[in-house]
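The values are calculated or read from the model by the stated rules, or taken from the named source; none is laboratory data. What you are looking at is a predicted structure, and each value in this text was computed from that prediction instead of being measured. With ideal geometry, Cβ positions are generated from the backbone for all residues, glycine too; neighbour counts draw on all protein chains shown.
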Amino acid sequence: MPDGRRSLGRRGEEAVAAWYEARGYEVVVRNWRCREGELDLVVREGRRFVFCEVKTCSTDAFGAPVEAVTRTKQMRLRRLAAKWLENDAPLRPTDIRFDVASVLGGAVEVLEGAF
């Protein structure tokens, strides 16, 4: 990935992490990777874990960033979350949620319970 896109993505993830922290969530892990893929952000509020896919774009010329999270991507994220919960979660959750965050022009929009 070119440095410009990587930097844009990193800034987007930082903005979304700050958004969650401002609402009382704890950022548990960023960019968790395994062979099957990556989880952008895992945050928690008490024993509720939220898996957030972050999409950052400089323009909406190709549609809203949230539209990039296809059904296939959703299924992959569910598998990755299950693997993370099984192997790396610091405690057993009482609830989980999947969010999608769009960062466009510096503005953060989080779709809670996206799928």
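Kindly indicate whether residue 30 is under 21 Å from residue 6 (Cα atoms), part of a strand (DSSP E or B) and either at pLDDT 95 or above or in contact with a helix residue (DSSP H, G or I) (Cβ under 7 Å, 6 or more places away or on another chain) (or both). Yes. Considering 42, 54, the condition of being out of contact with any Phe, Trp or Tyr (no Cβ under 9 Å at 6 or more places or on another chain), touching a residue at least 40 places away in the same chain (Cβ under 8 Å), closer than 28 Å to residue 90 by Cα and in a strand (DSSP E or B) is satisfied by 54 alone. All but one of (1) out of contact with any Asp or Glu (no Cβ under 7 Å at 6 or more places or on another chain); (2) surrounded by 16 or more Cβ atoms within 10 Å (Cβ to Cβ); (3) closer than 20 Å to residue 23 by Cα hold for residue 107; which doesn't? All conditions pass for residue 107, except number (2). Scanning the stretch 67-104 for residues that are of a type in the set (A, V, I, L, M), closer than 16 Å to residue 39 by Cα and either surrounded by fewer than 16 Cβ atoms within 10 Å (Cβ to Cβ) or out of contact with any Leu (no Cβ under 6 Å at 6 or more places or on another chain) (or both) yields a count of 10.
Just checking, does the stretch 4-19 include any residue being touching a helix residue (DSSP H, G or I) at 6+ places or on another chain (Cβ under 7 Å) and either on the phi > 0 side of the Ramachandran plot or crowded, with 16+ Cβ neighbours inside 10 Å (or both)? Among the residues of the stretch 4-19, not one is touching a helix residue (DSSP H, G or I) at 6+ places or on another chain (Cβ under 7 Å) and either on the phi > 0 side of the Ramachandran plot or crowded, with 16+ Cβ neighbours inside 10 Å (or both), which makes the answer no.
Quick check, is residue 84 among the aromatic types (Phe, Trp, Tyr) and free of Cβ contacts under 8 Å to residues at least 60 places away in the same chain? Criteria met by residue 84. Go through the stretch 61-81 and count every residue that is outside any helix (DSSP H, G or I) and in contact (Cβ under 8 Å) with a residue 24 or more places away in the chain. Count: 2. Exactly one residue out of 50, 110, 103 is at pLDDT below 95 and either on the phi > 0 side of the Ramachandran plot or within 14 Å of the chain's Cα centre (by Cα) (or both): that is 103.
Of everything in the stretch 21-63 that's exposed (fewer than 14 other Cβ atoms within 10 Å of the Cβ) and aliphatic (A, V, I, L, M), which residue is farthest from residue 99 (Cα to Cα)? Selected residue: 61.
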